[in-house]
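Take a look at the structure set out below.
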Amino acid sequence: MSAEQTPEAPKYTPSQIKAATTREAVLKTLLDQVKEAYETARTDVQSMLDEQQKTTGGTKFEATLPDGTKVADIGLTGGEPAAQLVDEQQFVAWARERYPEHSVTKLVKSVRPAFVELLLGQMTAAGVAQVLDEDTGELLDVPGVAIKATRKRSHSVRFARRSKARADGRELIAAAWRAGALAEHVLPALASAPPVGREEGGAA
């Protein structure tokens, strides 16, 4: 280093670095706790909602704070049965033979996509891999098609909207958390410790 050059001043002070690294460490700890608890809660809720739908037919349920304030609606999604091609070659061979007027020839023989959608729609509505031959009245079994769930069953959370009388669901949850009303219910590991000298389950 020449006499004219001077060391460049550090961009960050030790206290800034300490504050930033501490913040990351704390947030990582909280994130790990919340992620694990969330995944467990979501699995539990899905199992409960699936069972509840079987017994009551319900698909929408409320989420409330400990004081009964509604903060969200939980609704089942996915799992709707639909006719799907599971063996396209088998289906195309059957459709070409049964409905030659809907066949098309390119490099290989196929079936018009619109007709495929029509048949799949009919089978979805009927709930079985069968179609009715309108000319003969015969119920035809369709090979290469199965009635399957279109996507994995899941559920969504829709938070209550803000109104003139109250905050929205997220804000209500945040306020309840700040007030200490939720940690012991959803994240016991992050709940405040009882006052020193107070025995668990009893008074000091």
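Here is how the numbers come out for the structure above:
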quantity	calculated
Answer residue from the stretch 48-75, given it is open to solvent by 70 Å² or more (accessible area, probe 1.4 Å), charged (D, E, K, R) and within 25 Å of Ala176 (Cβ to Cβ) and is farthest from the chain's Cα centre (by Cα) among those	Asp67
Top-ranked residue of the stretch 113-125 - restricted to ones that are touching a strand residue (DSSP E or B) at 6+ places or on another chain (Cβ under 8 Å) and of a type outside the set (Gly, Ala, Ser), ranked as nearest to Glu62 (Cα to Cα)	Thr124
Counted residues, the stretch 126-158 - those being out of contact with any strand residue (DSSP E or B) (no Cβ under 9 Å at 6 or more places or on another chain), touching a residue at least 12 places away in the same chain (Cβ under 8 Å) and exposed (fewer than 14 other Cβ atoms within 10 Å of the Cβ)	1
Those residues of the stretch 95-125 which are open to solvent by 50 Å² or more (accessible area, probe 1.4 Å), hydrophobic (A, V, I, L, M, F, W, C) and at pLDDT below 80, in sequence order	Leu107, Val108
Test: residue in the stretch 31-47 that is outside any strand (DSSP E or B), open to solvent by 80 Å² or more (accessible area, probe 1.4 Å) and in contact (Cβ under 8 Å) with a residue 24 or more places away in the chain	no
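The values are calculated or read from the model by the stated rules, or taken from the named source; none is laboratory data. On a predicted model such as this, the values are computed, not experimentally measured, just so you know. Here Cβ is always computed from backbone atoms with ideal geometry, including for glycine, and neighbour counts include all displayed protein chains. Each accessible area value is taken on the protein alone, full model and side chains, heavy atoms only, with ligands, DNA and RNA left out. Shrake-Rupley method; radii C 1.70, N 1.55, O 1.52, S 1.80 Å.
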